[in-house]
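In what follows, a structure is listed as structure tokens, so that the remarks can point back to it.
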Amino acid sequence: MDLVRYQGKWFRISPKPYEPERQSYKIAWNMIREPLIIPEAAYKKYFQSLRDEAKVLYPDFRKENAK
């Protein structure tokens, strides 16, 4: 469990037991920075960022598997 401060407010982030801490923290930060975002949208945004990173880091991987 971590405490973070954002714009003068304190938030407690507790990672879920079935997901990586990195995922919990990034989703929590999305929800803290955008207070009106719903959890489902925060998860979608997180997984979209993973796909975007994979496209940049492993561009040849998709081309070889498409054959």
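The values are calculated or read from the model by the stated rules, or taken from the named source; none is laboratory data. Quantities reported herein were computed from a predicted structural model and do not represent experimental measurements. Cβ placement follows ideal geometry from the backbone for every residue including glycine, while neighbour counts extend to all protein chains displayed.
Kindly indicate whether Arg51 is loosely packed, with under 11 Cβ neighbours inside 10 Å and either under 27 Å from Arg5 (Cβ atoms) or not charged (D, E, K, R) (or both). Spell out the reasoning first.
Numbers: loosely packed, with under 11 Cβ neighbours inside 10 Å: yes; either under 27 Å from Arg5 (Cβ atoms) or not charged (D, E, K, R) (or both): no.
No; evaluated as a whole, the condition is false for this residue.
Can you list residue pairs whose Cβ atoms sit under 7 Å apart, with the first residue in region 13-26 being of a type in the set (A, V, I, L, M) and the second being surrounded by 10 or more Cβ atoms within 10 Å (Cβ to Cβ) and at pLDDT below 85? Count only pairs 6 or more apart in sequence or on different chains.
Ile13/Asp2; Ile13/Val4
Suppose we filter Ile38, Ile27 for residues that are surrounded by 14 or more Cβ atoms within 10 Å (Cβ to Cβ) and of a type outside the set (D, E, K, R); which single one remains?
Ile27
Could you please tell me which pairs satisfy a Cβ distance under 7 Å, a separation of 6+ or placement on different chains, a first residue in region 43-63 that is free of Cβ contacts under 8 Å to residues at least 24 places away in the same chain and among the charged types (D, E, K, R), and a second residue that is surrounded by 10 or more Cβ atoms within 10 Å (Cβ to Cβ) and part of a helix (DSSP H, G or I)?
Sorted first by the residue in region 43-63, then by its partner, the pairs are Lys45/Asn30.
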